[in-house]
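Scroll down for the structure; my scribbles are underneath it.
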Amino acid sequence: MRTKSLLVLLGIIFGAASSIPAPAAEPRGSEPLTLKDGWFIQSFDKVSEDGKALTSGSFNPAGWYPASVPSTVLAALVNDKVYPDPDYGTNLRSIPGTEYPIGSNFSNIAMPVSSPFRMPWWYVTRFRVPATYRGKTVWLHFDGINFRANVWVNGREIADSKSLAGSWRIHELDVTRAIRPGEENALAVEVEAPTPEDLAITFVDWNPLPPDKDMGLWRPVYLTLSGPVALRYPEAVTQFDLPSLDTAHLTVVAELHNASSQPVTGTLRGRIGSIQFSQAVQLEGSETRTVRFTPEKFPQLNLSHPRLWWPAQVGPQNLYTLDMEFEAGTQVSDRASIRLGVRQITSELTPQGYRLFHINGKNILIRGGGYTFDMLLRSSPEEQENHVRYLRDLNLNTVRLEGKLEDDHFFDLCDRYGILVLAGWCCCDHWERWKTWQDEDFVIARSSLEDQIRRLRSHACMLDWLNGSDNPPPPKVEEMYVKILKDTDWPNPYQSSATAKPTTVTGESGVKMTGPYEYVAPAYWLADKEHGGAYGFNTETSPGPAVPPLASLKLFIPPDHLWPIDDVWDYHAGGGEFKTIQVFRQALEARYGPSSGVEDFAEKSQVMAYEGERAMFEAYGRNKYVSTGVVQWMLDNAWPSLIWHLYDYYWRPGGSYFGAKKACEPLHIQYAYDDRSVYVVNSFYRSFEGLKAEARVYNLDLAEKYSKEASVDAGSDSTTKVLTIPDLPDLSPTYFVRLDLKDSLGNVASRNFYWLSTQPDVLDWGNSKWYYTPTKSFSDMKSLATLPQVKVTLSGRFEPRGDEGLAAVTVENPSQSLAFFVHLRVAKPDGEEVLPALWEDNYFPLFPKEKRQVSARYYLKDAGNAAPSIHVDGWNVTPE
C-alpha cells in the first residue's frame with residue numbers, strides 16, 4: 001500500500017489528546033477504511049439543516065441524490081440520470097449553468113445566476129468504524145476537494161473553508177476525539193465551487209469546463225490509524241558517480257508528525273531488501289520533522305551494482321521496496337512502504353541552448369503526449385492502466401501533465417511501465433494571473449506545491465517539474481516555488497515554464513512552446529527553423545485535428561448531424577482559435593479530394609492524421625540531439641473530440657495512433673521530406689551491426705521506378721543517414737516510397753510506406769501564426785481514389801493468456817493491386833470493436849501477393865469473455 005500524503009496545519013487539527021494510549025502493534029491495519037459508497041448529495045439551498053444537525057441523530061435522505069466518492073457533483077447527477085449524457089451531441093448545453101459562450105474559457109467566467117452550482121452542495125454519509133479503532137489516532141483524509149469545504153463529524157465541526165481550500169491540497173485531519181469506534185458515524189462536507197479567482201482544476205481550449213466547474217470530492221475520502229506519531233512521504237534519492245553506474249548512493253527521507261501534545265522519543269527504521277538502517281528521533285509535542293538517512297552516515301546505503309530503473313524501450317523497470325516504521329517504546333506507531341527505482345535524472349543546456357535530459361547519465365530523446373482528465377473527473381484504476389498501456393504501445397517514453405496531476409496509482413503504473421512524467425501547473429487561468437493574487441492565493445499555491453511534490457517525489461517515473469505553463473511566474477512566486485522544491489527534496493530537474501521565456505531566478509528554460517496546434521503539411525517539421533520545427537524541446541505541439549473513425553463519430557454525433565459537418569461537429573472541436581476543423585478539412589479536400597459523405601471523410605481523416613503524426617515524430621527523431629524532445633498535444637481527450645489526440649475518447653486508435661507508433665519505434669527506418677534521404681534511427685542503448693536498408697519507389701500502378709539497397713551499422717542511440725533517393729523523372733502525380741530495414745539474418749526489423757506527390761506542399765511562411773503555418777498550395781493525392789478495390793483474405797487464431805487474449809492474424813492480398821491502408825479490428829460477436837486493443841501494426845499497405853502476420857492483445861473481459869472475430873477494411877479494401 002502506497003502511503004497517502006500528509007499536510008498538517010495545526011489550525012485545522014481537531015483537539016489532539018493530552019495523553020495518548022499505547023497503540024497496538026499494527027496500528028494502521030491492513031488497509032485504510034475507504035468511504036466510497038453510501039453518500040448522498042444535495043444543494044445547499046434545498047437543505048434546512050446545518051452540518052451539526054446533518055451529523056447528529058438520524059438522517060433522512062429523501063430528496064437527496066445517491067452518490068459515491070470520489071465524484072464531482074455533476075458526475076453524480078449524470079450518473080443518477082438527473083441530466084443527460086453530457087458527452088453526446090450538445091447535451092452539455094441543456095444542463096443549467098451552461099450559458100457561457102461556446103468555446104470560451106469558463107474557468108475565467110463567473111457562474112451564471114441561474115446555475116444550480118452557484119450555491120454550495122452537501123455530501124453526507126454514514127459509516128461504521130471498527131471497535132479496534134479505540135485508543136488510536138484516527139486520521140480523516142481528503143485527497144482532493146474542489147474547491148472549498150466545511151467538514152463535520154458526529155456533530156462537531158472539524159475544519160472550515162478557510163483552511164480547506166485548494167483543488168490540489170491534500171488534507172489529513174485528526175478526528176480521534178470525534179470518531180466513535182464500534183458505532184455508526186456521520187460525516188458531512190459542504191463543498192463550494194471554484195470562482196475565476198481561485199487556483200482550481202481547469203480546462204482551457206481542448207474541451208469545455210462543465211457547468212459545476214468540477215466542484216466536489218473529486219479524490220478519495222478515507223480513514224487511517226497511527227500511534228502518536230504518523231510516518232509520511234518516504235523517499236529514496238539516488239546519486240551515481242557518473243558516468244559510472246557501479247554504485248548508487250541513496251539518501252532516504254521520511255516525515256514524522258507527532259499528533260500528541262507531549263514529547264515522543266522513538267526509533268525510525270528502514271529496510272531495502274536485506275539492507276537495514278535506523279536512528280533515534282525525539283519529537284516535541286505537535287512537531288513535524290523531516291528525517292534523513294545519508295550514505296555518508298549510513299554506508300549500507302551505498303548500493304554496489306544495483307538493479308537500475310530505465311524508461312520503456314531502453315532497459316528494465318527494476319523496482320525495490322522501501323519499508324519504514326517508527327517505533328515508540330515497544331510499539332510501532334506507524335509504518336509505510338513504497339516502491340522505488342534506482343535511477344538518476346539530470347538535464348543540461350546544449351551549446352544551442354536546448355534542454356537535454358539524461359537518464360542514468362545517458363541522453364534520452366523525450367517523445368511524449370499531453371494527458372488530460374475526463375471532463376467530469378471520472379476515472380478508475382482500469383482506465384488509468386489503459387492510458388499507460390497505450391503510452392507504452394505507442395513507443396512513447398513520456399506523458400505530460402499540465403495541471404492534471406493523477407493519483408498515486410497512475411504514477412505507480414508509470415513506474416511499472418517505464419513512462420516518464422513531465423508535470424506542472426496549468427495555464428490560462430488564475431494559476432498564471434499572478435498580478436491579481438491575494439494573500440490566500442500565495443498560501444494555497446505554496447501548500448499545493450508542497451503537497452504534490454511530497455507525493456510525487458518518490459516515483460521513479462518523475463522526469464521534471466514546470467512551475468508555469470504558458471508563462472513563467474514572476475520572481476516572488478518563482479523563488480517561493482524553487483525554495484519548496486529544494487526544501488521538499490525534489491530529486492529531478494525543474495524549469496520556470498513550458499516556454500522559452502527566461503527568468504531572473506532560473507535563467508533560460510531550454511524548452512519552447514511554439515506550436516503548431518493546427519494542421520500543417522508533413523514537410524513543415526523539417527523545413528521550419530523558427531517555430532515548432534524539429535529542433536530544441538517542444539513542450540506541446542501537434543499537426544492538428546484527429547477526427548475519430550466513423551464508429552466513434554456515431555457514438556457522440558446524432559445521426560441527423562453526421563453529415564454534412566455542422567455546428568454539432570464544431571461543438572466537439574475546441575475553444576479559442578480551434579472552434580472548427582476548417583483548416584484541417586480544407587487541406588484534406590485539397591490533398592485527397594472532396595468527401596462524398598461521413599464515411600469517406602472519416603477514412604481520409606485517418607490517412608491525413610497518420611501522415612501528420614508520423615512526420616512530426618520522425619523529424620524530431622532524425623534531428624536528435626539538435627531536437628531534444630517533443631510532446632504531442634494531446635495524448636487523449638476529456639470528452640469525445642475532433643482534435644488533438646492519439647486515441648479517441650472510446651479507446652479507438654485511429655490513424656494518428658499508428659502514425660505516431662510507427663515513427664517512434666525504437667529501431668526505425670524513415671524518409672525525410674526535405675531532401676528525400678533515408679535514415680535509420682536507433683533509440684536503443686545498444687548498437688546493431690550488419691543491417692540492410694532497402695528503398696523502392698513505385699508509381700501509382702506499382703511500376704517500380706527506383707530501388708537501392710545499402711548496408712548500415714546503427715550505433716547506440718544514433719541517427720544514421722543511409723541513402724538519398726534521387727529526383728526521378730516520369731513519376732505519377734501520386735507515387736509511393738517503400739522502406740525496409742532487415743537484420744543480419746534477413747528478418748524485417750522496420751518497415752515504412754509513404755504516399756507522396758510530385759506536387760509538393762508549399763508553406764506560407766510569411767503568414768505564420770502562433771498556432772500554425774498556412775499552406776499556399778497542397779500536394780495532390782486525389783488519384784489514390786482510383787486504386788482498384790481489393791478483397792484480402794484472413795486467417796489466424798485466438799489464444800487466452802491469463803486475463804488477456806491474443807489475436808494472431810495473417811492477412812494476404814491475392815490481387816494484382818495495392819491494398820492501401822489496411823485496417824484490422826477485433827470484434828465481439830455483435831460486431832462491436834473490442835477496445836482497448838494493442839495492435840502490433842495497423843493501417844498498413846499490402847502489395848500484390850504479399851502476406852503479413854499481425855497480432856493484437858486485449859483484455860478478455862472487454863471481449864465479453866466470448867469468442868471474438870477479426871474484421872478488415874481499408875481505403876480500397878472490401879470490408880470482411
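The values are calculated or read from the model by the stated rules, or taken from the named source; none is laboratory data. All values reported here derive from a predicted model rather than from experimental measurement. Methodologically, a virtual Cβ is constructed for each residue, glycine included, from the backbone with ideal geometry; neighbour enumeration extends over all protein chains shown. Accessible surface is based on the protein model in full, side chains and every heavy atom, while ligands, DNA and RNA are left aside. Shrake-Rupley method; radii C 1.70, N 1.55, O 1.52, S 1.80 Å.
Some observations on this one:
- The spacing between region 721-764 and region 207-221, judged by their C-alpha centroids, is 48 Å.
- Working note: Karplus 6.51/-1.76/1.60 with θ = phi - 60° gives region 661-668 the couplings 4, 4, 5, 9, 4, x, 10, 9 Hz, where Gly and Pro are set to x.
- Other residues whose C-beta falls under 11 angstrom from the C-beta of Lys721 contribute a net charge of 0, scoring Lys and Arg +1 and Asp and Glu -1.
- Evaluated at q = 0.13 Å⁻¹, the base-10 log of the normalised Debye intensity for region 135-236, with identical point scatterers placed on the Cα atoms, takes the values -0.54.
- The distance linking region 691-709 with region 786-846 is 25 Å (Cα centroid to Cα centroid, whole angstrom).
- Set of aspartates and glutamates with alpha-carbon distance to Lys861 below 19 Å, sequence-local pairs under 8 removed: Glu382, Glu383, Glu385, Glu799, Asp803, Glu804, Asp830, Glu832, Glu833
- Eigen-decomposition of the gyration tensor built on the alpha-carbon atoms of region 831-880 gives equivalent ellipsoid semi-axes of 23, 13, 9 angstrom, largest listed first.
- Where no second cysteine Cβ lies under 4.7 Å, the cysteines concerned in the chain: Cys426, Cys664
- Sparse-neighbourhood loop sites, GluC sites (Glu not before Pro) in region 296-393 - DSSP loop, at most 12 other Cβ within 10 angstrom: Glu296
- The trypsin sites (Lys or Arg not before Pro) of region 467-555 that DSSP puts in a loop, and whose beta carbon has at most 15 other beta carbons within 10 Å, are Lys529.
- DSSP finds beta bridges in the chain, and of those with both partners inside it, around 85 percent are antiparallel.
- Listed values for region 393-408 are Karplus-derived 3J(HN,Hα) couplings in whole Hz (6.51 cos²θ - 1.76 cosθ + 1.60, θ = phi - 60°), namely 5, 6, 6, 7, 10, 8, 10, 9, 10, 8, x, 10, 7, 6, 7, 4, and x replaces Gly and Pro.
- Entry for Rg/Rh (Cα atoms, Kirkwood Rh) (calculated from the structure that is shown) out of [x] 1.09; [y] 0.98; [z] 1.01: [y]
- Residues His171, His823 ordered from highest to lowest accessible area at a 1.4 Å probe: His823, His171.
- Largest-first ordering by accessible area, 1.4 Å probe, given options Phe117, Phe778, Phe40: Phe40, Phe778, Phe117
- Solvent-accessible surface (1.4 angstrom probe) belonging to Glu589, in square angstrom, nearest 10: 60 Å²
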